[in-house]
Structures are given as structure tokens and as C-alpha cells.
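In what follows, a single structure is set out as C-alpha cells and then discussed.
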There are 2 protein chains.
Amino acid sequence: MKKYTIRDVAKAAGVSHMTVSRVLNNNPRVRANTREKVQKAITEMGYEPNAMARAFVTKKSQLIGLVVSDISNPFYAEISRGIEDKAFDLGYSVIFCSSDENTHRTEACVKNLLRTGVDGMIFTSVHLKEPAAEKLIADGFPVVLVNRKLRNPNCHYVTCNNFQGSYDATEHLINLGYKKIGIISGYSHLSTGLDRLKGYKKALEDHGIPQRPEYIIETSFSADGGFEAAKELLVLKDRPEAIMGGNDYIALGVMDAAEALGLSIPEDFALTGFDNTDFAARSRTKLTTVSQKIYEMGSIAVQIIVDTIDRKNLDYAHKVVLNPNLIIRESCGYQLHKK
Amino acid sequence: MKKYTIRDVAKAAGVSHMTVSRVLNNNPRVRANTREKVQKAITEMGYEPNAMARAFVTKKSQLIGLVVSDISNPFYAEISRGIEDKAFDLGYSVIFCSSDENTHRTEACVKNLLRTGVDGMIFTSVHLKEPAAEKLIADGFPVVLVNRKLRNPNCHYVTCNNFQGSYDATEHLINLGYKKIGIISGYSHLSTGLDRLKGYKKALEDHGIPQRPEYIIETSFSADGGFEAAKELLVLKDRPEAIMGGNDYIALGVMDAAEALGLSIPEDFALTGFDNTDFAARSRTKLTTVSQKIYEMGSIAVQIIVDTIDRKNLDYAHKVVLNPNLIIRESCGYQLHKK
DNA sequence: CCAATTAATGTTACTGGTAACATTTCTTGG
DNA sequence: CCAAGAAATGTTACCAGTAACATTAATTGG
């Protein structure tokens with residue numbers, strides 16, 4: 001269990017410690033038989049380089065900071081898994097922090113990660129305006145945004161085409177014959193909330209269906225938010241025939257509200273979600289939703305951040321927008337709806 | 001954005017760098033007005049200590065390694081959140097690795113974490129025999145097991161009383177009048193699988209109900225596992241009246257199988273789960289299950305590991321066993337069952 | 001009021017790697 | 001076969017902190 005240093009190895013192999021360092025770093029300027037000699041000493045002694053010393057001197061920790069809103073939220077957990085796997089492949093480890101969607105806590109996370117010495121940070125849940133992230137970017141610190149974007153478009157990000165996904169879902173409802181379509185949208189100070197709302201509005205517009213302000217409610221991306229909003233929407237005199245959930249959690253909350261109010265889905269109203277999370281296929285009514293490549297987003301984000309870390313001075317921004325996919329299940333009915 | 005060192009601060013404050021170091025470490029051997037002078041320079045210059053240098057010289061990274069079977073599994077994600085929050089409070093950051101329940105990958109995770117220089121490791125999903133973890137423990141490296149335990153009891157762990165939880169659930173079924181009770185258990189090379197199986201058997205025994213080997217199937221803690229096993233159990237000539245899922249995922253798979261076979265829960269058979277994960281209350285049939293304090297387990301594990309890191313030579317093992325709680329919903333029916 | 005003691009501050013060395021430059025050893029071609 | 005250049009190896013310094021000891025300043029009691 002004794003910890004050896006390169007100098008110990010050097011002595012054992014009868015060379016200087018620099019030669020050992022060169023062998024360790026695959027420097028070609030080492031003769032083959034010297035390399036073998038050193039390699040032998042290394043394996044015999046069970047030498048392991050001291051990561052801390054190396055990080056200290058090279059100013060590279062091989063650590064990526066990950067700021068999620070809540071790691072216990074399966075959506076973010078899945079992004080995290082995508083991030084972890086790719087990071088592992090590229091020789092990085094990842095430290096995660098939950099920000100709880102809270103600017104204050106986000107700042108604490110960033111400070112903490114900076115203190116820990118991460119080489120770059122990935123944010124999964126920025127607000128359109130997020131001072132902590134923006135400051136990092138301004139300072140030239142490697143940052144990649146996943147899932148949600150900042151207002152400022154001049155940064156690396158990978159997202160789903162939320163506009164398109166929402167547009168498609170809305171159009172699907174319209175094609176089924178629904179006209180009175182409400183939306184319980186995520187807050188529009190979040191890019192995901194905003195883009196999905198825009199997609200919804202554009203689809204209505206393109207099909208000549210007027211917007212009705214009372215059919216649009218913004219809330220948090222949570223079952224509770226969906227539940228409360230649905231209770232408002234479903235008691236309207238002129239109740240919507242279809243409700244779009246800003247994500248699957250909101251849709252879940254809508255289902256809870258429907259149950260509480262004695263309404264059935266899709267008989268009394270249609271429902272859509274967004275994300276195609278695991279439980280969407282397993283809920284009481286199987287949910288029609290928009291799937292996005294969650295795991296892949298994480299994986300791509302790592303690719304980008306490592307790129308950025310390695311050749312620091314990228315003068316362009318990586319922008320990756322993945323295509324979503326409408327998954328049709330039973331929550332909108334299958335028949336054309338009565339006019 | 002310039003990076004200052006303690007020597008820069010020292011020069012600015014007109015003291016030696018050691019005095020700055022003392023101020024930084026709250027060493028009482030600094031006169032009040034010297035301390036102020038230094039403090040002032042620190043804030044004015046925006047000095048931040050270099051974590052890498054500090055970690056290097058103190059041999060302490062303030063990093064905890066976390067090995068979960070899969071971060072995208074909500075159960076582990078919630079443990080992780082408990083771990084993260086407590087670690088944050090105690091000044092640690094956490095690096096996570098997903099092992100996929102795979103000995104090989106577990107070894108890779110451990111190696112990776114060791115290389116990164118973590119001060120200790122938390123394992124959430126060891127097998128009863130897990131060479132990588134056992135070696136660490138043998139070497140005196142700080143390790144805490146959460147959720148699952150090793151066969152070797154001489155290590156720190158925090159788990160739920162799985163035996164008791166399973167016993168309670170079984171007894172609940174018995175009290176409802178069920179006698180033909182099957183179990184789709186997690187693999188018994190995992191402590192959770194084994195203990196829950198034991199609890200089931202003991203409850204049957206205590207109530208004088210003979211075990212029927214064909215009613216016991218072991219599988220992975222997954223919906224797929226539950227689905228496949230349920231298909232076997234539910235086509236038995238003498239079908240069980242009740243099935244206990246080794247965890248909520250297995251129970252979910254059982255629900256899928258029931259649907260596929262045209263059976264209703266609880267009319268055709270009763271069903272229980274374990275863990276009280278989020279979706280247990282939201283599944284088609286609301287699931288009677290055993291809740292455990294998932295978040296708390298993580299939190300306690302951090303407490304223990306930090307303890308262990310700080311006063312390395314603990315000569316006793318922390319063993320924390322939390323009590324589970326039976327959550328009765330609708331999947332077992334509410335009436336006493338016909339004999 | 002000054003010697004003895006204690007408190008405050010400073011100096012030097014050290015951690016385990018890598019960078020930069022110096023030196024030695026090997027090639028190669030005239 | 002040897003000088004010149006290239007390749008291999010070695011030396012020294014450095015990173016930004018902390019530990020251990022040295023020195024200086026302040027306090028205290030006879």
C-alpha cells in the first residue's frame with residue numbers, strides 16, 4: 001500500500017525522474033529499451049501517478065462540473081447518465097450539484113465547483129438569464145448548456161428543438177379535430193417553456209385557430225404545477241377539449257386533477273406531455289408525448305465541453321439542436337374528434 | 001480574472017505568506033489587527049485559494065466518490081440527492097459513477113475514483129460479495145455502504161430493515177386473508193433481495209403457511225424482470241392470490257404482465273411493491289408498498305464517511321438500520337379476501 | 001524594569017509532478 | 001573516422017500551498 005513517486009521509480013529503474021515522467025506521458029523521446037526498463041519498474045512497484053500533484057502542476061483536474069436542477073428528477077438523472085458515460089470514455093470524472101432552479105443556489109454550486117477546480121461546467125437548467133453562468137462564459141471559462149439555453153445565443157448548447165416538438169404535438173391535436181386546445185406551459189423565463197409555448201402558438205396560427213389567453217397557464221415543470229393549473233383550466237365554463245402539458249410531470253399532475261374532478265382522459269379531454277419519460281408509458285392513461293434524446297444530449301454536451309477545454313480559444317459556438325419525436329399513445333384518443 | 005497566490009496577498013498586506021495561510025486556516029496565533037489587514041487584502045484582491053495546491057499538499061481532496069448502479073434510476077438518484085446535500089453542508093463535493101451492477105465496471109469505477117483522489121467512497125449497490133469494495137475496506141480506505149450490504153458485516157453501512165419491511169408486507173397480505181402468496185424477489189446475491197425474501201418466508205412460517213417453491217422467483221430489480229417472472233407465476237394452474245414485488249419496478253412489470261394477460265389488480269390478484277418510489281402512487285393501480293427513507297440513507301452515509309475520513313482509525317463499524325413503513329394503497333384491496 | 005516566558009510572525013523546506021534548458025549519447029555524411 | 005546535428009537523458013526550477021522550526025515582539029512577574 002506504500003505510495004511511490006516517480007523518483008522512487010526512477011531510482012529503481014536507474015534513470016532520472018524525468019525519463020519516468022516521459023514514459024508516463026508517452027513522450028516519443030525515450031528509447032525502446034529504456035521505456036521497457038521503466039515500464040517494468042512501474043508495474044513491479046505498482047506505481048500510480050498522484051492525480052493531485054499532476055492536477056496541481058498542469059492546472060487540469062480532469063473534472064467536469066455538472067449543475068442540474070435536481071439530480072433526483074429522472075429527466076436530469078438521465079442526462080447525467082449520458083454525461084457520465086461520455087466523460088468516463090474521455091478520461092474525465094463528473095461532480096454534480098443540484099441547483100433547485102434557484103439563482104442563489106446556482107451561484108453557490110458554481111462557486112463550489114470553481115473552488116474544486118473543475119475544468120469546465122455543464123448546466124442543464126439555466127434560466128434565460130442566469131448571472132452565474134453568464135459570468136463564467138464572459139470570463140472565457142468552458143461552459144456548455146444542455147436542455148435549456150440562455151437568452152444570449154453566443155454560447156455552446158445542445159437542446160431539443162422544443163419549438164418543433166410542441167408544434168408537432170399541437171398539430172397532432174388539431175388533426176384529430178380538436179380546436180379548443182389549452183396549454184399548461186413551463187415558465188417562459190426558461191427556454192424550454194418559452195419555445196414550447198411558441199410552437200403551440202405558431203401551430204394554432206398556422207391552422208387559423210385563434211389564441212385564447214384563458215387557455216394558457218404558465219407554471220413550474222412539476223406535477224404539482226400541472227395539478228393546480230389543470231384545476232383552473234378544467235372548471236372553465238368553456239373547458240378546453242385538449243390540454244398540452246409543458247412536460248410529462250405537468251401532464252401527470254393534469255391526470256391527478258382529472259381524477260379528482262371525475263373526468264376521464266381522453267373521453268373528457270385529450271392530454272399531451274413532453275419528454276417521454278419512463279412513466280409516460282406506464283401512467284393510468286398512456287400518455288401521448290414528445291420524446292427527446294435525453295441521454296444523447298448529455299453525451300454530446302461532454303463532447304463539446306472537452307473540445308472547448310482542450311482548445312480553449314474556440315471562436316465559434318457549438319449549437320446542437322436535436323429533433324424531437326411525437327409518440328402517440330392513448331391520451332388523445334385515436335378517432336377524429338367531433339367538431 | 002488574474003489568479004493571486006498567498007504570496008501576492010502577503011506582499012499586499014505587508015506580511016509573510018505564512019501569516020496569510022494562518023488567516024485562511026483560522027489559526028488563532030494571529031493578532032486581530034494583522035488578521036484584519038490580511039482579510040482586507042484578500043477581499044480586495046478577490047483572492048481564492050487554489051484547491052488543487054491545497055489538496056496536493058494536504059493529501060485531502062474534499063471529494064467523495066459515489067458508486068451507484070445507475071444514476072438514471074430514480075431510487076439511486078434520490079439517494080444521490082441525499083448524499084449531495086449533506087456533502088455540500090460538510091464541505092465536500094461528490095463524484096458519481098454508475099456501475100450497472102457489474103463487477104467489472106464497479107472495478108473500473110473504483111479505479112477511476114481512486115485515481116481522481118477521492119477521500120472516501122460510498123457504494124449504493126454492492127453485491128454480497130464485491131471484491132473491489134472489500135479490497136478498499138481491507139486497505140483501510142474509508143468506505144460506507146448504503147442500501148445494500150456486503151456479506152462481511154464488519155464495515156460501515158446504512159440500510160433499511162428490509163427483512164422487516166418484507167415481513168410487514170407479507171403479514172399485511174395474510175391479514176387480508178390471502179394464503180397463496182407468491183414473491184418475485186430481487187436476486188438473493190444482493191442483500192436487499194435476500195433480506196426481503198427472508199422476511200417473506202419468516203412471515204409465512206409465523207402464520208403457519210407452508211412455502212411453495214413454485215411461488216418464489218428471483219430476478220433483477222427491474223420492470224422487465226418483474227414482467228417475465230409474473231408471466232410465469234400468473235399462468236400457474238394454482239395461481240397465487242397475491243404477488244409481492246421485490247421492489248416497485250418489479251411490481252410495475254407485474255402490472256404490465258397482468259394487463260397483457262387480461263387480469264385486474266386487486267380483483268384477480270393482489271400486488272405489493274417495495275421502496276415507495278414516486279410512481280407507486282401514480283401507477284394504473286395505486287401500489288401498496290413499503291417506503292424507506294431513501295434520501296435520509298444518503299445523508300447519513302455522508303455523515304459516516306466524513307467521520308471516518310476525519311478520524312481515520314475508527315475501530316468500530318457504524319451500522320445504521322432504518323425502519324421501513326408499510327404504505328397501504330389499493331393494489332391489495334381493502335376487504336378481507338374470500339378464503 | 002528587566003529577565004523569562006509566551007505569543008506573533010517569518011524562513012526554509014517539502015509535496016510530486018512537468019517545463020525548460022543542459023548535457024550526454026548516438027547517428028550520419030563528408 | 002570524426003565533426004555536426006539529432007536524439008536521448010539529466011538537472012534545475014517551479015507550481016501554491018502547509019509543516020516545522022527560527023526569530024522577533026509582547027507580556028508578565030519578581
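The values are calculated or read from the model by the stated rules, or taken from the named source; none is laboratory data. In this text, all values refer to a predicted model and were calculated from it rather than measured experimentally. Every residue, glycine as well, gets a Cβ built from its backbone with ideal geometry; the counts of neighbours run over all protein chains shown. Side chains included, ligands, DNA and RNA excluded: accessible areas come from the protein's heavy atoms. Shrake-Rupley method; radii C 1.70, N 1.55, O 1.52, S 1.80 Å.
First select every other residue whose beta carbon is under 11 angstrom from the beta carbon of A:Phe221; then total the charges, Lys and Arg +1, Asp and Glu -1.
Numbers: positive: A:Arg148, A:Arg196; negative: A:Asp70, A:Glu101, A:Glu218, A:Asp224, A:Asp248, A:Asp275.
Spelling it out: positives minus negatives among the neighbours equals -4.
From largest accessible area down, sort A:Ser72, B:Ser93; use a 1.4 Å probe on the protein chains.
If we order A:Ser72, B:Ser93 from most to least accessible, we get A:Ser72, B:Ser93.
Determine the relative contact order of the stretch A:207-339: mean sequence separation of Cα pairs under 8 Å and six or more apart, normalised by residue count, in whole percent. Before the final figure, lay out each step's value.
Details: 181 pairs, mean separation 28.6, N = 133.
This gives 22 percent for the stretch A:207-339.
Give me the tail of P(r) for the stretch B:6-49 as a percent: Cα-Cα pairs with distance above 18 Å. Write down the numbers at each step before the final one.
Values: 95 of 946 pairs.
Within the stretch B:6-49, distances greater than 18 Å cover 10 percent of Cα pairs.
Among rounded, prolate and oblate, which fits the protein assembly as shown when a ≥ b ≥ c are the square roots of the eigenvalues of its C-alpha gyration tensor, a/c under 1.5 means rounded, and a/b larger than b/c means prolate? Please report the intermediate quantities before stating the final value.
Numbers: a/c = 2.13, a/b = 1.32, b/c = 1.61.
The shape class here is oblate.
With a 1.4 Å probe and every protein chain left in place, tell me how much accessible area A:His172 has, in Å² to the nearest 10.
Here the accessible area works out near 30 Å².
Relative contact order of the stretch B:4-79, please, whole-number percent, based on alpha carbon pairs below 8 angstrom and at least 6 residues apart. It would help to have the intermediate numbers written out before the result.
Details: 49 pairs, mean separation 19.8, N = 76.
Contact order relative to length: 26 percent.
Which of the cysteines in chain A are isolated, no other cysteine C-beta under 4.7 Å?
Isolated Cys, chain A: A:Cys155, A:Cys160, A:Cys332.
Taking the Cα centre of the stretch A:162-292 as origin, sum charge times position over the Cβ atoms of Lys and Arg (+1) and Asp and Glu (-1), and report the length of that vector in debye to the nearest 20.
200 debye
Name the residues of the stretch B:267-283 whose accessible area falls by at least 40 Å² when all protein chains are present instead of the chain alone, probe 1.4 Å?
B:Arg282
For the charge dipole of chain B, defined by +1 on Lys and Arg C-beta atoms and -1 on Asp and Glu C-beta atoms about the Cα centroid, which residue among B:Thr19, B:Ser283, B:Tyr167 has the Cα displaced farthest towards the positive pole?
Most positive-ward Cα: B:Thr19.
For the stretch A:237-279, report the translational diffusion coefficient in µm²/s to the nearest whole number, using Stokes-Einstein at 37 °C, 0.692 mPa s, and a Kirkwood Rh over Cα pairs. Before the final figure, lay out each step's value.
Details: Rh = 10.5 Å.
Answer from the Stokes-Einstein relation: 311 µm²/s.
Mind checking the stretch A:121-154 for trypsin sites (Lys or Arg not before Pro) that DSSP puts in a loop (not H, G, I, E or B) and that have at most 14 other Cβ atoms within 10 Å?
Within the stretch A:121-154, the qualifying trypsin sites (Lys or Arg not before Pro) (loop, at most 14 other Cβ atoms within 10 Å) are A:Lys129, A:Arg151.
For the stretch A:162-292, what is the accessible area per residue in Å², given a 1.4 Å probe and the full set of protein chains? Don't jump to the answer; show the numbers that get you there.
Values: 4540 Å² over 131 residues.
With all protein chains present, the stretch A:162-292 gives 35 Å² per residue.
Calculate the dipole size of the stretch A:49-127 relative to its Cα centre from +1 charges on Lys and Arg beta carbons and -1 charges on Asp and Glu beta carbons; express the result in debye to the nearest 20. The partial results should precede the final answer.
Details: 8 positive and 9 negative charges, 95 e Å.
Charge dipole of the stretch A:49-127: 460 debye, to the nearest 20.
Can you give me the solvent accessible area of A:Lys111 with a 1.4 Å probe, rounded to the nearest 10 Å²?
130 Å²
Considering chain A as a Gaussian network with a 10 Å cut-off on Cα pairs, which listed residue, A:Glu130, A:Glu259, A:Glu107, attains the greatest mean-square fluctuation?
Answer for the Gaussian network model of chain A: A:Glu259.
Tell me, what % of the accessible area of the stretch B:48-156 is carbon and sulfur with a 1.4 angstrom probe?
Numbers: 2100 of 3860 Å².
Carbon and sulfur together cover 54 percent of it.
Which values, in whole Å and largest first, are the semi-axes of the equivalent ellipsoid of the stretch B:162-292 obtained as the square root of 5 times each eigenvalue of the Cα gyration tensor?
That gives 19, 17, 14 Å for the three semi-axes.
Over chain A, what is the relative contact order in percent, taking alpha-carbon pairs closer than 8 angstrom and at least six residues apart? List each step's numbers first, then the result.
Numbers: 650 pairs, mean separation 57.3, N = 339.
Reported relative contact order: 17 percent.
Using alpha carbon centroids, what distance separates the stretch B:188-239 and the stretch A:241-255, in Å?
So the separation of the two Cα centres works out to 36 Å.
Placing +1 at every Lys and Arg Cβ and -1 at every Asp and Glu Cβ, with all other atoms neutral, what dipole size does the stretch A:113-179 have around its Cα centre, in debye to the nearest 20? Walk me through the numbers before you get to the answer.
Working: 7 positive and 6 negative charges, 38 e Å.
For this selection, approximately 180 debye.
State the extension gain, in nm to one decimal, for the chain segment bounded by A:Lys111 and A:Leu322, taking 0.36 nm per residue of separation less the distance between their alpha-carbons. Let's see the in-between values first.
On the way: separation 211, 0.36 × 211 = 75.96 nm, distance 3.06 nm.
Full-extension gain reported as 72.9 nm.
Where the centre of each part is set by its Cα atoms, how far does the stretch A:115-183 sit from the stretch A:13-73, in angstrom?
First find each Cα centre; the distance between them is then 37 Å.
At a 1.4 Å probe, which residues in the stretch B:40-84 are at least 50 Å² less accessible with all protein chains present than in their chain isolated?
So the qualifying set is B:Met52, B:Phe56, B:Ile71, B:Ser72, B:Arg81, B:Glu84.
Taking all protein chains as present, what is the carbon and sulfur share of the accessible area of the stretch B:162-292, in % to the nearest whole number, probe 1.4 Å? Don't skip to the end; give the middle numbers.
On the way: 2210 of 4530 Å².
Answer for the stretch B:162-292: carbon and sulfur cover 49 percent of the accessible area.
Springs between alpha-carbon pairs under 10 angstrom, Gaussian network model over chain A: which of A:Ile64, A:Ile174, A:Ile294 fluctuates most?
Residue with maximal mean-square fluctuation among A:Ile64, A:Ile174, A:Ile294: A:Ile174.
Find the sum over both chains of the accessible area lost when A and B are paired, probe 1.4 Å, and report it in Å² to the nearest 100. Spell out each step's value before the answer.
Values: alone 16820 and 16830 Å², together 29530 Å².
Interface area, both chains combined: 4100 Å², rounded to the nearest 100.
Using the beta-carbon distance between B:Glu267 and A:Lys60 and R0 = 60 Å, what value does 1/(1 + (r/R0)^6) give for FRET efficiency, to the nearest 0.05?
0.45
Sort the stretch A:58-206 into rounded, prolate or oblate with this rule: let a ≥ b ≥ c be the square roots of the eigenvalues of the Cα gyration tensor; rounded if a/c is under 1.5, and if a/c is not under 1.5, prolate when a/b is larger than b/c, oblate otherwise. Write down the numbers at each step before the final one.
On the way: a/c = 2.57, a/b = 2.14, b/c = 1.20.
Verdict is prolate for the stretch A:58-206.
Based only on Cα atoms, what Rg/Rh ratio does chain A have, Rh being taken as Kirkwood's radius? All intermediate terms of the calculation are to be shown ahead of the outcome.
Details: Rg = 25.7 Å, Rh = 22.4 Å.
Here Rg/Rh amounts to 1.15.
Kindly give the distances from B:Asn175 to its copy-mates, label point to label point, with each label point 7 Å from Cα along Cα→Cβ, as nm values to one decimal ordered shortest first.
Sorted ascending, the copy-to-copy spacings read 5.3 nm.
If you count only protein heavy atoms with a 1.4 Å probe, what accessible area per residue comes out for the stretch B:6-49, rounded to a whole Å²? Present the calculation step by step, with values, prior to reporting the outcome.
Values: 2960 Å² over 44 residues.
Computed with neighbouring chains in place, this is 67 Å² per residue.
Which order do you get for B:Lys286, A:Lys2, A:Lys37 if you rank them by accessible area with a 1.4 Å probe, largest at the top? List each step's numbers first, then the result.
Working: B:Lys286 50, A:Lys2 135, A:Lys37 100 Å².
So, going from the largest accessible area down, we get A:Lys2, A:Lys37, B:Lys286.
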